[in-house]
Each structure stands twice: as C-alpha cells, then as structure tokens.
Amino acid sequence: MLWGMTTALTPHLFWITSRAAGFAALVLASLAVSLGLLMSTKLLKGRTTDLRVAHDTLALATIVAIVVHGVALLGDSFLHPSIADIAIPFVSSYKTIWTSLGIVGGWSLILLGLSYYARRYIGAVRWRKLHRFTALAWLAGLVHALGEGTDAGQLWFLAMVAVVAVPALALLATRLARSGGGAAVGPPARQPQISKNRPSGPTLTTGVVPIAASRPQH
C-alpha cells in the first residue's frame, strides 16, 4: 500500500518541488526586501554588519529558490515546458501573463541580487540606482504568485503571504513617502566623509556633513 502511494506521487514530484521552491522564494524575497527597507529607512538600528550579512544571505537564498522553482518544472509530466517556456517571457502558452510576470520578476531578482558583487565595476552610485528596481521585481513575483500559484486561492497560502508581504508593502510605502518617490531597497549608502579642513565661521549641523554658515552682514 505504501509503495502504491509513493508511486502515485512520483509523477507530481517535480510539480510539488516547484511549488515549494516558489513559495520559499516569495517568503525569502519578502524578508530580504523588508530587511533592506528597514536599513534604508533606518527604522531598525543595530549592528549594521550583521544586518547586511542577513540581507545578503536572504538574497542569495532567494536566488537559489527561484532557480529550483523554474528548473523543477522541466521534469513536470503535465506541463512539459521547454527551457524557453520557463526562461523567456511570453513564450509559454500556460497562463502567459502571470507566467511572464514570474519570469521577469525572477530574472530581475537574480540579476539585481548578483549585481552586488559587481558594484566595483558598476560604481556605487550606479549600483544603488539600479538596486531601486528590486522592489518592482519583488512586486512582479508577488503578483505572479497570487495570479498563477496553485495554492493562491487557499486561505493558508494567503495568510502566510500576508505575514511577509504586508510588512514589506508598508515599509515600501514608508520609503516612497520619505524619498518622494524613490524606492531604494537595500542597505543605506555610506555617509560621505567629512572634510578634515575646518570651515571658516560657525557651522550648522545637518546630520550629514557640517555646512559653513555665512557671517551676518553688518
């Protein structure tokens, strides 16, 4: 009897693996985005190094989960997708819009996550501007999961997604409100070094660098 149950599950093994990896990717990405926003908005204060390590670990784990989510589908006996179907937007005929959103979001999260290791060549300023699109990539993945996910209509799935997605959305709204539309997601930029030359006259502290105040006119 047990052997029969195991055999019956075999055709669905790849599909189940893909579903599990997709759900893991959504949770991990939501946590990474939340942590990045907490650091960029400075709502969470503590050891910056530890927070960065946690953020990077979540980002890498998200990439692994996304890859497993897509590659596992290649073995599914129902969809029989090709490599192009899971890697190129608008190629698959299965729920094309939702699938394409997932592909775009997945590739974007992978490339943006790995771009961290190329910032030396990209430049810190360009990299931070590029990293702003992480929020959009995460939103594409969220819409993909809600629109195409097999469990999207299940109460447990919606509840689990809400636990990690709602805080991320709230933090994103806070970040947008503070920056006037900029959606930077990730560790905050390092503050510019203060010049060692003492400015002439009294200074006005702005919280970033001291600004030399002009002397009053007599």
| the stretch 95-164: relative contact order as a whole-number percent, Cα under 8 Å and 6+ apart | 45 percent
| message | Can you give me the solvent accessible area of residue 155 with a 1.4 Å probe, rounded to the nearest 10 Å²? | response | 140 Å²
| said: As an exercise, find the ratio Rg/Rh for the stretch 7-124 from alpha-carbon atoms, using the Kirkwood inverse-distance average for Rh. | reply: 1.06
| message | What whole-number distance in Å separates the alpha-carbon centres of the stretch 43-112 and the stretch 117-149? | response | 11 Å
| Just the accessible area per residue of the stretch 82-127, please: how many Å² with a 1.4 Å probe? | 65 Å²
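The values are calculated or read from the model by the stated rules, or taken from the named source; none is laboratory data. None of these values were measured; they are calculated from a predicted model. What goes into the accessible areas is simple: the full protein's heavy atoms, side chains included, and nothing from ligands, DNA or RNA. Shrake-Rupley method; radii C 1.70, N 1.55, O 1.52, S 1.80 Å.
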